[in-house]
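> Handing you this structure, nothing more for now.
Just so it is clear, none of the values below were taken in a lab; they were calculated from the coordinates. The model shown is predicted, which means the values in this text are computed figures rather than measured ones. FYI the Cβ positions are ideal-geometry reconstructions off the backbone, even for glycines, and counts take in every protein chain you see.
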Amino acid sequence: MYSTQSPADRLRTFLKSSGVLSKLLLINVLVWFLVNFGSVIAFLFREPGKDTETIWLTFITNWLALPAQISGFASRPWTIISYMFLHLDFWHLLFNMLWLYWFGKIFLEFLTNRQLLASYLFGGLAGGLVYMAAFNIFPVFAQSLPQAVAIGASASVLSVVIMISFTVPDYVINLLLIGKVKIKYIAIFMVITDLLMIRSGNAGGHFAHLGGALWGIAYMLLLRNRLDPSRIFDVFNRSSLASRRKKNPKTVKFRKVHQSAKPLTDEEYNARKAHDQQRIDEILDKIAKSGYTTLSKEEKEFLFKSSKK
């Protein structure tokens with residue numbers, strides 16, 4: 001059915017959704033806005049002979065960007081997370097967020113919000129580790145090592161792109177001026193481009209991209225073997241639930257199967273959750289072996305509903 005919503009209304013509805021994709025986009029945009037708003041304030045209060053804008057950006061970079069040097073990382077370990085949400089340049093932010101939005105939407109057609117978060121975060125971690133390893137191993141980077149830092153969501157985004165591209169490799173999208181293309185070819189092109197561009201001025205960025213791509217492939221292979229690293233988030237969910245139950249046990253609510261059904265017990269809820277996850281794993285395994293088109297209507301509907309949870 002054709003949507004009567006305007007593009008602005010559709011964007012507003014998407015950003016108000018509680019999904020992981022909208023939250024990742026909003027966090028990246030908000031960090032960019034705060035950094036650049038700080039630059040505006042620094043510019044307005046700049047004194048003669050004192051470049052307060054540069055001082056501000058240097059401060060942000062020192063505290064949020066990922067240093068290539070091991071000693072720098074040891075003193076600021078949180079940067080392995082913060083760097084993947086930090087953009088200084090508008091165009092860097094725009095292109096990363098467009099790729100994340102486009103492929104994130106495809107990702108959620110077949111996989112879950114939790115798996116999208118795992119792909120983004122762990123892909124960024126892998127990209128950061130490969131980036132640091134490259135700068136500390138290869139002699140060509142010895143001179144720039146003390147000053148080199150990594151910023152941006154590119155490694156995380158490429159992890160999402162690669163993972164979904166090799167989970168449903170025959171998924172077709174329309175590219176401007178090119179036409180219909182299977183996403184596996186887009187993923188292969190991006191990886192080859194990063195490999196060939198290592199000699200460019202942004203070698204560290206390309207190494208980080210390749211690290212994210214490696215995680216995307218590894219995650220896809222893990223799912224095929226019914227191993228899902230995103231289940232680590234269940235630890236935090238259980239800890240949060242236990243904490244709320246301890247503080248106010250009478251207010252704990254359980255998910256209901258039907259509006260008229262009785263509340264589920266802990267055992268029933270956990271059993272249902274385990275059963276649903278097993279069903280998802282079976283469907284993903286079927287996709288990996290024979291493709292998405294072999295799924296039944298019921299399996300497609302179940303997978304779609306699960307991705308919205």
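> Take V31, V235, V181, V160 and order them by how many other Cβ atoms sit within 10 Å, fewest up front.
Details: V31 18, V235 9, V181 14, V160 29.
Lowest count first: V235, V181, V31, V160.
> Turning to a different aspect of this structure: Take I81, I192, I164, I280 and order them by how many other Cβ atoms sit within 10 Å, fewest up front.
Numbers: I81 14, I192 10, I164 28, I280 20.
Ranked by crowding around the Cβ, least crowded first: I192, I81, I280, I164.
> Would you list the P(r) distribution for region 19-141, with all Cα-Cα distances sorted into 10 Å bins from 0 and each bin expressed as a whole %?
Per 10 Å bin, starting at zero, the Cα-Cα P(r) for region 19-141 comes out as 12, 34, 33, 18, 3, 0 percent.
> Remind me, what semi-axes does region 7-224 give for its equivalent ellipsoid, largest first in whole Å, using sqrt of 5 times each Cα gyration tensor eigenvalue?
On the way: eigenvalues 179, 104, 48 Å².
Semi-axes, largest first: 30, 23, 15 Å.
> Whole-Hz Karplus ³J(HN,Hα) for region 221-233, in order, using 6.51 cos²θ - 1.76 cosθ + 1.60 and θ = phi - 60°, x for Gly and Pro?
Result, ordered by residue: 5, 4, 5, 5, 9, 6, 10, 10, x, 5, 5, 4, 5 Hz.
> Now for a separate question. Give me the extension gain from F189 to F45: residue separation times 0.36 nm, minus the current Cα-Cα distance, reported in nm with one decimal.
The span from F189 to F45 would gain 47.2 nm if fully extended.
> Could you tell me which of rounded, prolate or oblate describes region 169-238, using a ≥ b ≥ c as the square roots of the eigenvalues of the alpha-carbon gyration tensor, with rounded for a/c under 1.5 and, failing that, prolate when a/b is larger than b/c and oblate otherwise?
Taking the square roots of the gyration eigenvalues as a ≥ b ≥ c, region 169-238 is oblate.
> Taking 0.36 nm per intervening residue step and subtracting the Cα-Cα distance, what contour gain separates R226 from T52 on full extension?
Result: 57.4 nm gained on full extension.
> Of T79, T61, T193, how do they rank once you tally other Cβ atoms within 10 Å and put the fewest first?
In increasing order of surrounding Cβ atoms, one gets T193, T61, T79.
> Taking the Cα centre of region 7-224 as origin and charging only Cβ (+1 Lys, Arg; -1 Asp, Glu), how large is the dipole, in debye to the nearest 20?
Working: 14 positive and 8 negative charges, 104 e Å.
Computed charge dipole of region 7-224: roughly 500 debye.
> So how much slack lies between F302 and W78, counting 0.36 nm per residue of separation and subtracting their Cα-Cα distance, in nm?
Between F302 and W78, full extension yields 76.9 nm more.
> Oh, and also: Which one, I173, G127, S39, projects farthest toward the positive side of the charge dipole computed for region 7-224 from Cβ point charges (K/R +1, D/E -1)?
I173
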